[in-house]
1. Condition check: touching a Lys or Arg at 6+ places or on another chain (Cβ under 6 Å), open to solvent by less than 10 Å² (accessible area, probe 1.4 Å) and in a loop (DSSP other than H, G, I, E, B). Does residue 42 satisfy that?
2. Of the numbered conditions (1) surrounded by fewer than 17 Cβ atoms within 10 Å (Cβ to Cβ); (2) farther than 21 Å from residue 431 by Cα; (3) of a type in the set (A, V, I, L, M, F, W, C), residue 48 satisfies every one except a single condition; which is it?
3. For the range 118-127, indicate whether the set of residues that are touching a Lys or Arg at 6+ places or on another chain (Cβ under 8 Å) and not basic (Lys, Arg) is non-empty.
4. Do we have residue 280 as open to solvent by 10 Å² or more (accessible area, probe 1.4 Å), in contact with a strand residue (DSSP E or B) (Cβ under 7 Å, 6 or more places away or on another chain), assigned by the TED database to the domain that holds residue 21 and outside any helix (DSSP H, G or I) here?
5. Would a scan of the range 132-141 turn up a residue that is part of a loop (DSSP other than H, G, I, E, B), over 30 Å from residue 67 (Cα atoms) and of a type in the set (Ser, Thr, Tyr)?
6. Return yes when residue 16 is assigned to a loop (DSSP other than H, G, I, E, B), surrounded by fewer than 21 Cβ atoms within 10 Å (Cβ to Cβ), at pLDDT 95 or above and hydroxyl-bearing (Ser, Thr, Tyr) and no when it is not.
7. Which count do you get for residues in the range 82-139 that are surrounded by fewer than 18 Cβ atoms within 10 Å (Cβ to Cβ) and on the phi > 0 side of the Ramachandran plot?
8. Going through the range 101-125 one residue at a time, which ones are out of contact with any Leu (no Cβ under 7 Å at 6 or more places or on another chain) and more than 22 Å from residue 161 (Cβ to Cβ)?
Amino acid sequence: RLVHLDLKGAAPRAQYLEQVLPLLRALGATGLLLEYEDTFPYTGPLELLRAPHAYSPAELRALLRKARAQGLEVVPLLPFPLQFVLKHREFAHLREVEALPNALNPHKEESLALVKAMMDQVMALHEDSRWFHIGCDEVYYLGEGEESKQWLQQQDNTPEKLCLSHIKAVATCLASSYPTVTPIVWDDMLRGMSEETLAESGVPQLVQPMIWDYAADIDVESKAQLIEKYLRCGFSKVWFASAFKGATGVNQSLTLVGHHLRNQLEWLQVASRSPADVLEGIALTGWQRYDHFSVLCELLPVAIPSLAVCLQALKNGGYSEKVKENVEKLLGMSNLEVDTYMSTSLGTFPGSSILTLVTQVSFYLKSSVDELLERNRYVTGWFSPYHRKRKIIHPIIMHHFQPDAISLLSKWNAVVQDLQAAMEQVFHRCAIEEWMEENVHPSLQKLQQVVDDLDEA
């Protein structure tokens, strides 16, 4: 049971992750799937890939040491296609399609040299890893570059074969330097391929597919058939990937636990339909962005109750009152809600105050400001945009809503200040800034502007 930490957005400080490790172990995790992207401490020609908040080698070594001490196996994940690499001018010449940083050009020798250089640096910090996740999902635009178009014109060449030859090249690159490490790939590019194409490619002997589906109503029958197909093609083992957050809305700020719990229960059904020796494990994904360029979705501390419920359901083979009580005990919560968003008693686990405050902001900030500015008749009737532009207001009317506006502003400023302080314990400034600009500033600035306009009028 691998907990996926997606570090390409709102990457937590190393100290916070260290605090969470014992909890993950207690909840039933047996490993971590670490998707570093630009938070890995690349050196040499790759140093420009490092984000300003990237982990230092010392931080990572300490984190990996503590994970091992907790009995958590660590699987690194390098997300080929490499959006976070190909967005840089210095690597733009390796794009499949010149204008788009979506896929690596598989025909250039330099592409594979880049892949190898990145793998070597990651493996230098993960010498004891048994698996290495090489991504390979959603490789849009592969086959649309000029060299690929020429390649596809040759007899018997197809987009499927191009994709498989790229996966094979990356997997072989890993195997040649690290023969004891097994590559894992996301399976979405493989699902629609014929058995014959897959079997002939040689890919099934090189990688283990990770079948992902984050829905609350998985088609269990078709998943069982897909596993059988993969086995017939020559894959020896498969992985599943569920989700505990980051899969129900691109800009979602709160996690609906029930959706993710149902997702795990569906995967348990798929597991019960699969041959026992075929399933290597499951990764509980926790996406932080839908891709490198999208906004943040739920922050990790906000989703810890969901992660806890999901891990415990998988560990215990289902969800019951006893499992619920165990989760509440481990999180220090008195009333865990699964089918609605939680609004009270939000626990003592690391980062729980962030969940409390994010819940307040998500539920009430926008609605309270809209209530005042769009549904208060004194504002809409006597201090409309027309009045505000001309700085006109009847003095009596001010008394009807100025105190409310000032009190609402000071209340929300205090909440946001507390949230900022709580977030600083867990996140770097860039993540806090982004979350605030997306989720707080639009409403708070509207409210501040009305208060300022009232003063001027």
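1. Working: touching a Lys or Arg at 6+ places or on another chain (Cβ under 6 Å): yes; open to solvent by less than 10 Å² (accessible area, probe 1.4 Å): yes; in a loop (DSSP other than H, G, I, E, B): yes.
Criteria met by residue 42.
2. Here residue 48 clears every test but (2).
3. Keep residues of the range 118-127 that are touching a Lys or Arg at 6+ places or on another chain (Cβ under 8 Å), which gives 125.
Adding the requirement that they be not basic (Lys, Arg) leaves 125.
Yes, that holds for at least one residue.
4. Details: open to solvent by 10 Å² or more (accessible area, probe 1.4 Å): yes; in contact with a strand residue (DSSP E or B) (Cβ under 7 Å, 6 or more places away or on another chain): yes; assigned by the TED database to the domain that holds residue 21: yes; outside any helix (DSSP H, G or I): yes.
Spelling it out, residue 280 is indeed open to solvent by 10 Å² or more (accessible area, probe 1.4 Å), in contact with a strand residue (DSSP E or B) (Cβ under 7 Å, 6 or more places away or on another chain), assigned by the TED database to the domain that holds residue 21 and outside any helix (DSSP H, G or I).
5. Taking every residue of the range 132-141 in turn, at least one turns out to be part of a loop (DSSP other than H, G, I, E, B), over 30 Å from residue 67 (Cα atoms) and of a type in the set (Ser, Thr, Tyr).
6. Values: assigned to a loop (DSSP other than H, G, I, E, B): no; surrounded by fewer than 21 Cβ atoms within 10 Å (Cβ to Cβ): yes; at pLDDT 95 or above: yes; hydroxyl-bearing (Ser, Thr, Tyr): yes.
Criteria not met by residue 16.
7. Result for the range 82-139: 1.
8. Within the range 101-125, 113, 116, 120, 123, 124 qualify.
The values are calculated or read from the model by the stated rules, or taken from the named source; none is laboratory data. As the structure is a computational prediction, the values presented were derived from the model and not from experiment. Note: ideal-geometry Cβ built from the backbone for every residue, glycine included; neighbour counts use all protein chains shown. Protein only, heavy atoms only, side chains kept; ligands, DNA and RNA dropped before computing areas. Shrake-Rupley method; radii C 1.70, N 1.55, O 1.52, S 1.80 Å.
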